[in-house]
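So the structure is just underneath, and the comments pick up after that.
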Amino acid sequence: MNFFQFMMTNRQQVLDLTLEHITLAGVATLLAALVGIPLGILITRVPQLSKPVLGGANIIQTIPSLALFGFLLPAPWIGERAGRLAILALALYALLPLIRNTYAGIRSVDPAVVEAGRAMGLTDRQLLLQVELPLASGVIVAGVRIATVVSIGLATIAAAIGAGGLGEFIFRGLAMVNDQVILAGAVPAALLALLADFVLGTLERRLGSLHLKS
Amino acid sequence: MTVPSSHGPSIEQPAIEFDHASFRLNGRPLLQDLVLSVKPGETVVLLGRSGSGKTTTLKLINRLLLPTTGDVRVNGRRTAEWDPIRLRRSIGYVIQDGGLFPHFTVERNIAVVPRIENWPQARVEARVRELLATVGLSEDLASRYPSQLSGGQRQRVGVARALAADPPILILDEAFGALDPITRSQMQKEFRALQRRMRKAVVFVTHDLREALLLADRIALLEEGRLIEDLPVAEFSGSRNPLVRAYVEAFSGP
């Protein structure tokens, strides 16, 4: 039985696991964005926090993923369900690119433009929403793109703790020493990552060239 | 707004008043004991080299900075007592190369203050058209982005944006510094004509003596954070102060 035959005979399961995979990576990235983007904004306002916050997110990234799942296991409520655990772990990994890009994006806005805005009587909030975030949006979306791609890739490991997703095929294939089964997980996961990269990359280029139309 | 209809220079309250104002940054004095006032309708040019304290002086007016000691008063009120947002919206600010928002069209750039002041849409649009005409720009440019404009056009938009809500005070920091000599000279003449009509209190920062002589009613020369000379424009070139002499000679050409 070759790869395509395997995919066809098991298409319902491939579809289910793909959807599960999208949910894991999608919810994790969304959570990470909800925390990471505001945190990135915060550290542009309170510069003393930038080192500890970026350092902390950096340290999380260096923890091996399987070990992180293990660390989180004893956590109340989170540890009860494998799905919750996997989403939290993935979200933690996705934090760094989101915080870093939001911070870098806002910091890269021309200081003369920000000062002009302040001198014109824009409030901090108006300055952030009307000037800094729009001008940083390309870099922030680049962070979302990296976070999404990383989450889709890492979500394959979630199967190791029984959280499902396309990693199920990969781990099963490894146990069975069956390449077709491994590929049935790896190929759709890679395609998902490429698709997310393409869609968000297009958005990123559009935002990046917002003011460079000619 | 508060632009007066008649100009009795002696009894009028100064629009801007520096009362022994000093500003120190990390112990380093950037401006020392400045005494200077600007009346409505008057154009004072702050002349000086880089690091002389010109920009610091401007930032004290719109409360981007607060004086370390002494007072800066705008319309009779200490800037420290003003709500900084209200204060800044009553002061038009023009910087080199316009400082325009690159993601806004010309139209939206000009309309920034009217919009945050919640003017009705029709009034904003009418004001933008009026200002484009005032600064000599075609209405076709309204939908362009700053990156699609020439340096001179950007500077005109910068002036229009500063004038949008008709502020009684206008401050300009090397406003025409990034322009080629021909455009620059043209902008200076137009600005002078504009100021004759508007009669705002204007503080114009430059290091160019010719520009100062062309635009100023009074020239205040700053050097290392100190006011060296404050004279009506007609008397400035005749001053015997050695620093003024050095300036005049540097600009007298070969």
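Here is how the numbers come out for the structure above:
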| read-out | value |
| --- | --- |
| Residue pairs, from the table B:59/B:189; B:54/B:200; B:39/B:59, whose Cα atoms sit over 23 Å apart | B:59/B:189 |
| Burial ordering of A:99, B:95, A:22, fewest other beta-carbon atoms within 10 Å first | A:22, B:95, A:99 |
| Per-residue Cβ neighbour rank within 10 angstrom, fewest leading, A:84, B:63 | A:84, B:63 |
| With Cα atoms, 0 to 90° folded angle of helix B:181-198 axis to chain B main axis | 90 degrees |
| Descending semi-axes in whole angstrom, ellipsoid equivalent of segment A:1-145, from the Cα gyration tensor | 38, 20, 12 |
| Cβ-derived FRET efficiency at R0 41 Å, residue B:180 paired with residue A:209, nearest 0.05 | 0.90 |
| Virtual spin-label span in nm between residue B:66 and residue A:108, 7 Å along Cα→Cβ | 3.5 nm |
| Partner chain coverage, peptide B:92-99 - average Cβ within 10 angstrom | 4 |
| GNM result for chain A, Cα springs below 10 Å: residue of A:147, A:112, A:75 fluctuating most strongly | A:112 |
| Charge tally in the Cβ shell below 10 Å around residue A:181, where Lys, Arg are +1 and Asp, Glu are -1, residue A:181 excluded | -1 |
| Pair residue A:16, residue A:115: separation of 7 Å Cα→Cβ label points (nm) | 6.3 nm |
| Volume per residue of the C-alpha convex hull in segment A:67-138, rounded to whole Å³ | 113 Å³ |
| Range of Cα positions in segment B:187-254 per principal axis (Å), largest first | 35, 29, 20 |
| Scaled radius of gyration (Cα, divided by 2.2 N^0.38 Å) that segment A:144-214 gives | 1.46 |
| Magnitude of the charge dipole, chain B, Cβ model with Lys/Arg +1 and Asp/Glu -1, debye to 20 | 400 debye |
| With Cα atoms, 0 to 90° folded angle of helix B:151-163 axis to chain B main axis | 90 degrees |
| Vicinal HN-Hα couplings computed from phi for segment A:188-194 (Karplus, 6.51 cos²θ - 1.76 cosθ + 1.60; Hz; Gly/Pro x) | x, 5, 5, 4, 4, 4, 5 |
| The protein assembly as shown - share of DSSP beta bridges that are antiparallel (%, nearest 5) | 50 percent |
| Student exercise, segment B:122-254 dipole from Lys, Arg, Asp, Glu Cβ charges, in Debye to nearest 20 | 440 debye |
| Distance between modelled label sites at residue B:147 and residue B:24, nm, 7 Å Cα→Cβ extension | 4.5 nm |
| Per-residue ³J(HN,Hα) for segment A:121-133, Karplus 6.51 cos²θ - 1.76 cosθ + 1.60, θ = phi - 60°, Hz, x for Gly and Pro | x, 6, 6, 3, 5, 5, 4, 5, 6, 9, 10, 5, 5 |
| Inter-chain Cβ neighbour average for residues B:160-167, partner chain, 10 Å | 1 |
| Neighbour-count ranking [beta-carbon atoms within 10 angstrom, fewest first] of B:116, A:140 | B:116, A:140 |
| Segment B:196-254 versus segment A:51-95: alpha-carbon centroid distance in Å | 64 Å |
| √(5λ) per eigenvalue of the Cα gyration tensor, the protein assembly as shown, largest first, Å | 60, 24, 19 |
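Values in this text are rule-based calculations from the coordinates and carry no lab data. Computed from a predicted structure; not experimentally measured. Positions of Cβ are backbone-derived with ideal geometry, glycine not excepted, and every protein chain shown enters the neighbour counts.
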